Ligand code: LLP
């Protein structure tokens, strides 16, 4: 459930008509709902209320500082994958002890930044990373709390580009090697083992892969304890999917997911961490766009929007589907026709949907891409020198720009001409 509904025939974000935001900020623009972010976060809280836990929001899914602050104020921790994301979490007021540092290629500088600013734990992916972290922490006279990211070799049944838990993926330490790597970690002076970490993929719509992976995690935890390690935390990763289509079977509910965690690892007495991104932010955002042209073609009609693949990459990159709906509610009996919905970038890949059934729209009409709050704005670029798409946050009947659209002058001013070419 989200808070983007038609009120008096106009699609609203909470109590704010999207027409009003389009007028004030222009299009394309991302619009997020505070009430939806809050609702999704609280559902996950409820799903884990049987145990000590921390929900570490995956900052990579939506990293706007205002969005992070909504969640931080509710008590969320953050899962970050770079020094930049760490700084964003800090800027949103998240204390270091609520920040988990994942990420495949942590640099020394990033390790230092997190150790000096405070960190809950590093999720470490490899032995060379352990060595480096131990050295950096020892140099600083500190000890770095770590969990090892273990790859359970489970098929997540999701898009191949976002599955991470199979043994052929580059992510994490193969489960068969885990005990040996933990034994090695225990010998390093700057390392303090605190937990086990897993993440098997994103947009999972079935609980079975989670159940399989977490069962393996429970056994590993018992083995590690038998080996003498003090395992006090389990980081279960993110990945719980969301409904992208209104008309298909909904993915499992957070409460059912929490139950799987309870059944598989609940008896170990560990503090539970999860790293959801999409489940919290996905349906809390839409991308608002205007029709630039309606082009009637040979056999097919095109709806050319002012949003493009650079603003919302997911369809071009993964063939992902986002429902596209008109902002002015069509009459029940309104005639529908099939359109190819495309952006203005000169690439065939700049196609959002082929043959989409929509009511007749005309130039200047507004449409909204649903489920665009996760991996939307964060993956946007300025390809074709299209200014980075702005972001707006709504709360009740208020809205505010939380990232402004840069002007073309600002974009050009970031480039510079080398002295040897000047004059
Ligand atoms: N934790 C780790 C270690 C991750 O790698 C990810 C996502 C998450 C948590 C959060 O996953 P979520 O709960 O959001 O599914 N750009 C792609 C998704 C890439 C996900 C990468 N890792 C997309 O647009 O679908």
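If you count, for each residue, the other Cβ atoms within 10 Å and average over each peptide, how do 362-368, 311-317, 144-150 line up from highest to lowest?
On the way: 362-368: 16.3, 311-317: 20.9, 144-150: 25.0.
The most tightly packed comes first, giving 144-150, 311-317, 362-368.
Cα axis of helix 178-187 to longest principal axis of the chain: angle in degrees, 0 to 90, nearest 10?
With both axes taken from Cα atoms, the answer is about 60 degrees.
To test your reading of the geometry: what angle, between 0 and 90 degrees and rounded to tens, separates the Cα axis of helix 127-139 from the longest principal axis of the chain?
80 degrees
Name the most mobile residue of 246, 370, 403, meaning the one with the largest mean-square fluctuation, in a Gaussian network model of the chain with Cα contacts below 10 Å.
In the Gaussian network model the winner is 246.
So for the pair residue 176, residue 66, with labels modelled 7 Å out along Cα→Cβ, what separation do we get in nm?
A separation of 5.1 nm, rounded to one decimal place.
For segment 299-372, what is the per residue volume of the convex hull drawn over the alpha-carbon atoms, in cubic angstrom?
95 Å³
Based on the mean of other beta carbon atoms within 10 Å per residue, what is the order of 293-304, 269-280, most packed first?
269-280, 293-304
Counting only DSSP beta bridges with both residues in the chain, what percent are antiparallel, rounded to the nearest 5?
Taking every DSSP beta bridge within the chain, about 50 percent pair in antiparallel fashion.
Between 87, 333, 186, where does the largest GNM mean-square fluctuation fall for the chain, given springs only between Cα atoms within less than 10 Å?
It is 333.
Compute the acute angle (0 to 90°) between the alpha-carbon long axis of helix 108-117 and the principal axis of greatest extent of the alpha-carbon atoms of the chain; round to the nearest 10°.
80 degrees
Just order 407-417, 1-11 by mean Cβ neighbour count inside 10 Å, highest at the front, would you?
Taking the mean over residues of other Cβ atoms within 10 Å, the ranking is 1-11, 407-417.
Restricted to Cα positions, what overall size does segment 63-276 have along the principal axes? Three whole-Å values, descending.
Extents along the principal axes: 56, 42, 31 Å.
Measuring from the lowest to the highest alpha carbon on each principal axis, how far does the chain reach, largest first, in angstroms?
For the chain, the Cα extents along the three principal axes come out at 69, 64, 41 Å.
Would you mind computing, in nm to one decimal, how far apart the modelled labels at residue 411 and residue 39 are, each placed 7 Å from Cα along Cα→Cβ?
3.5 nm
How many angstrom lie between the C-alpha centres of segment 212-280 and segment 122-145?
First find each Cα centre; the distance between them is then 25 Å.
Read-outs throughout are calculated quantities, based only on the coordinates presented, and are distinct from any laboratory measurement. Just so it is clear, the structure is predicted and the values come from calculations on it, not from any experiment. Cβ atoms come from the backbone with ideal geometry, glycine included; neighbour counts cover every protein chain shown.
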